[in-house]
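Undergrad: Let me give you the structure first, and then I'll get to my questions.
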Amino acid sequence: MARQELFSGKTVEEAIEAGLAAMNLAKEQVEIEVLEEGKKKLLGKSLSAQVRITEKETLSDAQRAVNFLKGLFEVLALNAEPMIAEEGEKIVIALNADSTKGIIGRRGEIIDSIQTLAGAVANTGRRDYKRVVVDCGNYREEREETLKRVAQKLAAKAVKSGKRMRLEPMNPYERRIIHSALAENDEVTTKSEGSEPSRYVVIMPKNRKPYHKNERGDRGGKNFRDKGRPSYEKKPYPRRELPEESTPESSGTSFKRSESSFKKGGFSGFFGTYLGNDDESPSEEE
C-alpha cells in the first residue's frame with residue numbers, strides 16, 4: 001500500500017516542503033491534497049495549513065503494459081483479462097478470454113498487434129529494449145511448434161532440390177523462431193528478405209545448384225513448353241511485284257507520265273478530277 005502522511009505549516013507551501021523533506025521524495029513522486037489553507041483569525045491567532053501527502057505507486061514495466069491492455073479491451077469491447085505470467089529478462093502477459101478466436105485472429109494478426117502495443121508501452125522510457133510476449137490459450141507455444149516443423153520440412157526439401165525455399169511473410173518474433181530452428185543445421189543457411197510488414201525468411205541449401213539463364217526450361221536440349229507440339233516450317237512472306245513505270249495503263253498508281261498519256265483521250269495515269277486550266281492541256285498538233 002502506498003505511504004501516506006499528514007503535514008502542517010504556517011502556509012500550504014511550508015507544509016508541502018516539510019512533508020517532502022520528511023518522506024525524502026520529489027514533488028513528481030507524490031500526490032498532494034490540501035486539507036486546510038491556513039487562515040488568520042480576528043483575535044490575532046492563526047490556523048495552521050495542513051496537507052496530506054501520498055506517495056505515488058511505482059508501476060513496473062509489466063504492470064504498465066497490463067493496465068494499458070485493460071483500457072484497450074474496454075474500448076474494443078473485448079472480454080479478456082490480462083495477467084502477468086512472467087517478469088524478468090522478458091515479460092509474458094497471459095490473456096484469459098471466453099473466446100480466443102476474437103483475440104488471436106486469422107494467423108495471429110490480432111494478438112500480434114496487441115503484443116506490439118504492449119511492448120511499446122512496457123518499453124516507454126527504457127534505454128534497453130525488453131521483450132514482451134502476449135499469449136492467449138497457449139497459442140504461442142503451439143504456433144512455435146508448428147513453425148519449427150515447417151522449417152525442418154522446407155530445409156529438407158531445399159537440400160533435396162538444391163533450390164532456395166521462401167516462407168510466407170512473418171513478424172520478427174516468428175522469423176526468429178525459424179532462424180533458431182535451423183541454426184544448427186549444417187546443410188542450410190537462413191536469412192530474412194523484403195521489407196516490413198512483408199518481410200520473410202529464405203532457406204538456402206549449401207549445395208545450391210548454380211543458375212544458368214540459357215538452361216532455363218531445357219529438357220534434353222529442347223524447351224519443355226514445346227514438347228509434343230508439331231513444328232512448322234517458316235515460309236518466306238511473298239513479295240509483291242509492282243508494275244513497271246513505263247506502263248501506267250496497267251495501273252492507276254504510277255505517277256510517271258509517258259508520251260502517250262498526254263495525248264487527247266489518252267489515260268493520264270491519275271484517278272480523280274483534273275483541276276488544272278483547260279488552256280494548258282497539250283493540243284493535237286503538239
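The values are calculated or read from the model by the stated rules, or taken from the named source; none is laboratory data. Note that the coordinates shown come from a computational prediction; the quantities given were computed from them, not determined experimentally. So basically every Cβ, Gly included, is an ideal-geometry build from the backbone, and we count neighbours across all protein chains shown. For the accessible areas, the whole protein counts, side chains as well, though only heavy atoms, and no ligand, DNA or RNA atoms are used. Shrake-Rupley method; radii C 1.70, N 1.55, O 1.52, S 1.80 Å.
Undergrad: Would you confirm whether any residue within the range 60-69 is without any contact (Cβ under 8 Å) to a residue 24 or more places away in the chain and in a loop (DSSP other than H, G, I, E, B)?
TA: If we filter the range 60-69 for residues that are without any contact (Cβ under 8 Å) to a residue 24 or more places away in the chain, which is where we start, we get 63, 67.
Applying the additional criterion that residues be in a loop (DSSP other than H, G, I, E, B) yields none.
The answer is no; no qualifying residue exists.
Undergrad: Report the residue count in the range 14-27 for those that are without any contact (Cβ under 8 Å) to a residue 24 or more places away in the chain and either assigned to a helix (DSSP H, G or I) or more than 53 Å from the chain's Cα centre (by Cα) (or both).
TA: Looking only at that region, the number is 5.
Undergrad: Would you check if residue 38 is modelled with pLDDT under 85, under 30 Å from residue 25 (Cα atoms) and open to solvent by less than 70 Å² (accessible area, probe 1.4 Å)?
TA: Here the answer is yes, as residue 38 does meet what is asked.
Undergrad: Sticking with this one: Quick one: in the range 109-139, of everything that is among the small types (Gly, Ala, Ser) and in contact (Cβ under 8 Å) with a residue 24 or more places away in the chain, which residue is farthest from residue 70 (Cα to Cα)? Outline the logic, then answer.
TA: If we filter the range 109-139 for residues that are among the small types (Gly, Ala, Ser), which is where we start, we get 113, 118-120, 122, 125, 137.
From what is left, the residues that are in contact (Cβ under 8 Å) with a residue 24 or more places away in the chain are 118-119, 122, 137.
Working: 118: 11, 119: 14, 122: 14, 137: 18 Å.
Going through the qualifying residues, I end up with 137.
Undergrad: Consider the range 140-166. How many of its residues are open to solvent by less than 50 Å² (accessible area, probe 1.4 Å) and either of a type in the set (Asp, Glu) or on the phi > 0 side of the Ramachandran plot (or both)?
TA: 1
Undergrad: Would you point out the residue of the range 167-190, among those that are part of a loop (DSSP other than H, G, I, E, B) and touching a Lys or Arg at 6+ places or on another chain (Cβ under 7 Å), that is surrounded by the most Cβ atoms within 10 Å (Cβ to Cβ)?
TA: Taking the range 167-190 as the starting set, the residues that turn out to be part of a loop (DSSP other than H, G, I, E, B) are 167-171, 182-187.
This time we only want the ones that are touching a Lys or Arg at 6+ places or on another chain (Cβ under 7 Å), so: 169, 187.
Values: 169: 15, 187: 12.
Per the stated criteria, the residue is 169.
Undergrad: Quick one: in the range 1-22, which of the residues that are among the hydrophobic types (A, V, I, L, M, F, W, C) and modelled with pLDDT under 85 is surrounded by the most Cβ atoms within 10 Å (Cβ to Cβ)? Lay out the reasoning, then the answer.
TA: Going residue by residue through the range 1-22, those that are among the hydrophobic types (A, V, I, L, M, F, W, C) are 1-2, 6-7, 12, 15-16, 18, 20-22.
Next, from what is left, pick out any that are modelled with pLDDT under 85: 1-2.
Working: 1: 5, 2: 10.
Looking at residues that are among the hydrophobic types (A, V, I, L, M, F, W, C) and modelled with pLDDT under 85, I get 2.
Undergrad: Of the residues that sit in the range 148-188 and are in contact (Cβ under 8 Å) with a residue 12 or more places away in the chain and among the basic types (Lys, Arg), which one is nearest to residue 115 (Cα to Cα)?
TA: Restricting to residues being in contact (Cβ under 8 Å) with a residue 12 or more places away in the chain and among the basic types (Lys, Arg), the top hit is 175.
Undergrad: Take the range 70-106 and flag every residue that is part of a loop (DSSP other than H, G, I, E, B) and among the small types (Gly, Ala, Ser).
TA: Hits for the range 70-106 are 77, 88, 99, 105.
Undergrad: Check whether at least one residue in the range 110-130 is aromatic (Phe, Trp, Tyr) and part of a helix (DSSP H, G or I), and report yes or no.
TA: Start the filter on the range 110-130 by keeping residues that are aromatic (Phe, Trp, Tyr), which leaves 129.
From what is left, the residues that are part of a helix (DSSP H, G or I) are none.
Within the range 110-130 (the criterion being aromatic (Phe, Trp, Tyr) and part of a helix (DSSP H, G or I)), the answer is no, since none of the residues qualifies.
Undergrad: What is the one condition in (1) at pLDDT 90 or above; (2) farther than 30 Å from residue 182 by Cβ; (3) not aromatic (Phe, Trp, Tyr) that residue 126 does not satisfy?
TA: Here residue 126 meets the rest and fails (1).
Undergrad: From the list 119, 137, exactly one residue is on the phi > 0 side of the Ramachandran plot and surrounded by 14 or more Cβ atoms within 10 Å (Cβ to Cβ). Which is it? Steps first, answer last, please.
TA: Numbers: 119 fails: on the phi > 0 side of the Ramachandran plot.
Checking each option against the conditions leaves just 137.
Undergrad: Determine which single condition residue 46 fails, assuming it passes every other condition in (1) open to solvent by 90 Å² or more (accessible area, probe 1.4 Å); (2) over 30 Å from residue 140 (Cβ atoms).
TA: Looking at each condition in turn, residue 46 falls short on (1).
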